[in-house]
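A short worksheet on the structure shown next.
What follows draws every value from the coordinates through simple rules; no lab data is involved. On a predicted model such as this, the values are computed, not experimentally measured, just so you know. Ideal geometry is used to build each Cβ from the backbone, glycine not excepted, and the neighbour counts take in all protein chains shown.
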Amino acid sequence: MSASPSSFQPDNTDLDRLHSAVSREKADLQPGREPVPMLVIFLAIVVAVVGGNQLGVMTGGYSFKVSNPFNFAQAPDPRPGAADGAGAADPFQLAMKKGASGYAVCGGCHQGNGLGIAGQFPPLAGSEWVLGGTERLVRVTQHGLIGAITVKGQGYNTPGGMQAFGAAMSASDLANVLTYIRNSWGNEATMVTKEMVEKVRSEEKRASQWTESDLAPFADKNVPGEIPAGPGATAPATTAAK
């Protein structure tokens, strides 16, 4: 006896169970797109906290006034020695730092090591022109030098002579460079201050380069003025002109 077609009813139980199981399965992830492990996230947080703490120490400690990105007018410069006051660098160290940058205009001839080039550009290291009277040094850099000269017993004759830097550099910048060359490569001598450079500029209105013989009277003469810091200091650092 055969069953009638209407007596067959589809059994959806297994199919529903299968769909439910599939819906609970996690989607297959493409290689390289797996979730970041919690351990990695935790370590990243630790590194951020430790690094932030270290930066805070280096900048004088965390302060919202310093770190606030919208406080353009009042936020101080957090770098050590950047502000005036007790934390600022002493005048000698500040002049050396700025003079090292300004020396770039001299280094092409006198070289980064201050030894110059034989026969053409005289050395600055151990030079009597550098370590001698500050007045000759200021005058020669202010108006330049032409002709043959003798430095440390050796003759030099720079093609075209040494250029004048008086018009290209401010009194402060020139003083910093002169302080730098007087205290680099084994040299040690007093600072040249902005006031000293200004004094020479006000007295000397020369329009041409110097010669060695012209500068002879100033070889051992120092421009008068207080030495605020460094070798041979004659005044407290607080009196230094900024």
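For segment 202-218, what does the Karplus curve 6.51 cos²θ - 1.76 cosθ + 1.60, with θ = phi - 60°, yield as ³J(HN,Hα) per residue in whole Hz, taken in order and with x for Gly and Pro?
Karplus-based 3J(HN,Hα) across segment 202-218 equals 6, 8, 10, 10, 4, 10, 9, 5, 7, 10, 4, 5, 4, 8, 3, x, 9 Hz.
Arranged from highest to lowest average of other beta-carbon atoms within 10 Å per residue, in what order do the peptides 137-144, 200-207 appear?
137-144, 200-207
Taking amide hydrogens as modeled 1.01 Å from N in the peptide plane, which residues meet the under 5 Å criterion relative to VAL151, leaving out close sequence neighbours?
Placed amide hydrogens put TYR156 under 5 Å from VAL151.
Tell me the Kirkwood radius of segment 91-242: reciprocal of the mean inverse pair distance over distinct alpha-carbon atoms, in Å.
15.3
Where in segment 87-126 does the amide nitrogen come within less than 20 Å of the point 7 Å from the Cα of ALA148, taken along Cα to Cβ?
Residues 117-123 qualify, since their backbone N sits under 20 Å from the label point.
If you wrap segment 87-166's Cα atoms in a convex hull and average its projection over all directions, what's the area in nm²?
So the Cα hull casts an average projection of 5.8 nm².
For VAL223, list long-range residues whose amide hydrogen, built 1.01 Å from N in the peptide plane, is under 5 Å from its own amide hydrogen.
THR134, GLU135
Can you give me the pair-distance distribution of segment 172-211, C-alpha pairs, 5 Å bins, whole percents?
6, 23, 21, 20, 19, 9, 2
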